[in-house]
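Asks: Have a look at this one before I ask anything.
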Amino acid sequence: MTSPFFLVFLFSCLLTQNVDANPNYIEALFKSLLFFQGQRSGYLPTDQQLSWRDSSGLSDGSLANVDLTGGYYDAGDNVKFNFPMAFTTTMLSWSTLEYGAQMGPHFQNVSRVNIRWATDYLLKCATATPGKLYVGTA
């Protein structure tokens with residue numbers, strides 16, 4: 001009689017999936033940077049690659065009579081949290097400065113556009129009302 005452990009071992013060997021030994025880092029970088037477009041808030045530019053997205057959050061800040069459009073959504077909802085956005089923007093900026101030469105000019109430009117999208121919004125939050133700092137919108 002065959003041992004149940006042998007059968008489990010045999011089936012686990014049959015169910016294993018081969019792992020690609022040659023990961024496509026260019027595709028991974030492309031998709032990582034494209035992810036930012038899916039999280040954009042505000043008036044979307046005409047060169048937006050994700051056609052299923054449309055402009056959103058166009059009245060952000062209107063209750064305080066300020067323009068807080070732009071920035072990135074967080075966690076798949078309609079909230080923009082400034083501290084995680086600032087951290088993410090810092091890491092993207094740092095990565096682009098550190099590894100920009102390896103990224104190439106196209107991906108450097110895409111990174112700069114993504115960084116600019118966040119920093120424009122963060123500057124609005126810091127300068128919309130003197131003496132106030134808006135730290136998130138919902």
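Here, each number is a calculation from the coordinates, and none is a lab measurement. All values reported here derive from a predicted model rather than from experimental measurement. Note that we place each Cβ from the backbone using ideal geometry, even for glycine, and neighbour counts take in every protein chain shown.
Asks: For the chain, what D do you get in µm² per second when you plug the Kirkwood radius from alpha-carbon pairs into Stokes-Einstein at 4 °C and 1.567 mPa s? Please report the intermediate quantities before stating the final value.
Replies: Details: Rh = 17.8 Å.
Estimated via Stokes-Einstein, D reaches 73 µm²/s.
Asks: On full extension of the chain, what length is gained from residue 83 through residue 108, given 0.36 nm per residue of separation minus the C-alpha to C-alpha distance?
Replies: Values: separation 25, 0.36 × 25 = 9.00 nm, distance 2.36 nm.
Stretched out fully, the residue 83 to residue 108 stretch lengthens by 6.6 nm.
Asks: Arrange the peptides 63-70, 48-55 so that the one whose residues have, on average, the most other Cβ atoms within 10 Å appears first.
Replies: Ranked from most to least packed, the peptides come out as 63-70, 48-55.
Asks: Separation of region 25-53 and region 71-105 by C-alpha centroid, Å?
Replies: 12 Å
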